[in-house]
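Peer 1: Sending over a structure as structure tokens; questions will come in a sec.
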Amino acid sequence: MLNTILPYTQPQALPYYLAAEEWIARNMPPDEYFFAWQVEPTVICGRNQDVPAEVDIDFCEREGVRMYRRKSGGGAVFADFNNIMFSYIAPASAVQTAFNSYTSRVVNALRLLGLDAEASGRNDITIGGRKVAGNAYWQCAGRSIVHGTMLYDTDPRLMAGALTPSRAKLESNKVVSVPSRITTVRSLRPDISLQTFLNHMIHHICDAECSLPSEAAAGIRKIEEEYYKEVFKSRKCTALARRIEGVGDIGADTRLNHTDGTIASVELFGDFFALHDVDKALATLRGLPPEIKLITNALGNDSLIAGIGNEALATIIADSALE
């Protein structure tokens, strides 16, 4: 795995780093790329989340916490200069395989510090049963992108004020608040500075180093612009999501054509993880009657969403057409 040096070494806004992942996936030779980064206080929401339902927008605006949406699934996370963000771009098109490979390297690096780390649940890394890292993943240009937080430390007041997960989500993790679910490296190893910790992780995750070519700077900035578009940032849920063990929150908004009752459009909402291109798959449903069997056949044999088969997903889509 290559520790990748980005064109700008000074801290940038979060969309810059998400754009860098995309540029690498679309332009660099097939290999494994990794880079670490930090941002000022920021909430990052999953691609399909209803932001007002997961984030206290008034609190964030009052406290100067930035808010962005990423193109991967999963739930909202909080980041600031106390913690570190990791990005991993793999040549593998099987995103769960890439995700498992990445998390195993991170877990091993943490264990070398004497920390009892393990991969847990859908997308977390825990120490002593408490979350220290949350990760998300998606496919881009036939490659896999994995990214997430690493809680060296955090500001618990900002985190608790910014994130407002549903009661069902908290109960599924057997906690009463976001801070009560997490731990930090600093609390467990106060003798290790943030920079020493970062150097340790890079050393044990990566095998070599590379820099991006000169044209990367302009290419990354162009992709970055997409993340600031209001149509992408402000997507709002109009459907009721349900929580499914091993899947997360998932709901569908199925609109029908007034003329013949066939499917006009389908949108999915929640903090689930997609294994393939969701928008492309849902586009195949246009013009179909909202029947479970027909929808299942159109979605194909490969599961679109992690933890749930296409027939169960088709049921959610068909049911929402009746609501």
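Computed from the coordinates by the stated procedures, all read-outs in this text should not be read as laboratory data. These figures come from a predicted structure and were not determined experimentally. Positions of Cβ are generated from backbone atoms using ideal geometry, with glycine treated the same way; all protein chains shown enter the neighbour counts.
Peer 1: Return one number: the angle in degrees, 0 to 90 and rounded to the nearest 10, between the long axis of the Cα atoms of helix 194-205 and the longest principal axis of the Cα atoms of the chain.
Peer 2: That helix lies at roughly 70 degrees to the long axis.
Peer 1: Add -39500 (n - 2.57) for each DSSP H run of 4 or more in the chain, then divide by its residues: what number comes out at 222 nm, to the nearest 500 deg cm²/dmol?
Peer 2: -9500 deg cm²/dmol
Peer 1: So, counting K/R as plus one and D/E as minus one, what does the shell of residues with Cβ under 14 Å around LEU299 add up to?
Peer 2: Net local charge, LEU299 excluded: -2.
Peer 1: Distance between the C-alpha centers of the stretch 75-137 and the stretch 245-323? Whole Å please.
Peer 2: Rounded to whole Å, the Cα centres lie 29 Å apart.
Peer 1: Now for a separate question. List the residues, sorted by chain then number, that are 5 or more residues from PHE272 or on another chain and whose placed amide H is less than 5 Å from its amide H.
Peer 2: Amide H neighbours of PHE272, under 5 Å, 5+ apart: GLY74, ASP249.
Peer 1: Among ASP58, ASP80, which comes first, second and so on when ranked by fewest other beta-carbon atoms within 10 Å?
Peer 2: Listed from fewest to most nearby Cβ atoms, that is ASP58, ASP80.
Peer 1: Separate question: Compactness ratio of the stretch 4-72: Cα Rg over 2.2 N^0.38 Å, N = residue count?
Peer 2: Its radius of gyration relative to the 2.2 N^0.38 Å reference: 1.29.
Peer 1: Report, as a whole number in µm² per second, the diffusion coefficient that Stokes-Einstein gives for the stretch 21-152 at 37 °C and 0.692 mPa s using the Kirkwood radius over alpha carbon pairs.
Peer 2: Result for D is 212 µm²/s.
Peer 1: Let me know the number of lysine pairs in the chain closer than 16 Å at the Cα, not counting same-chain pairs under 8 apart.
Peer 2: 7
Peer 1: Over the residues of the stretch 267-323, compute the C-alpha Rg and express it relative to 2.2 N^0.38 Å.
Peer 2: After normalising by residue count via 2.2 N^0.38 Å, the value is 1.01.
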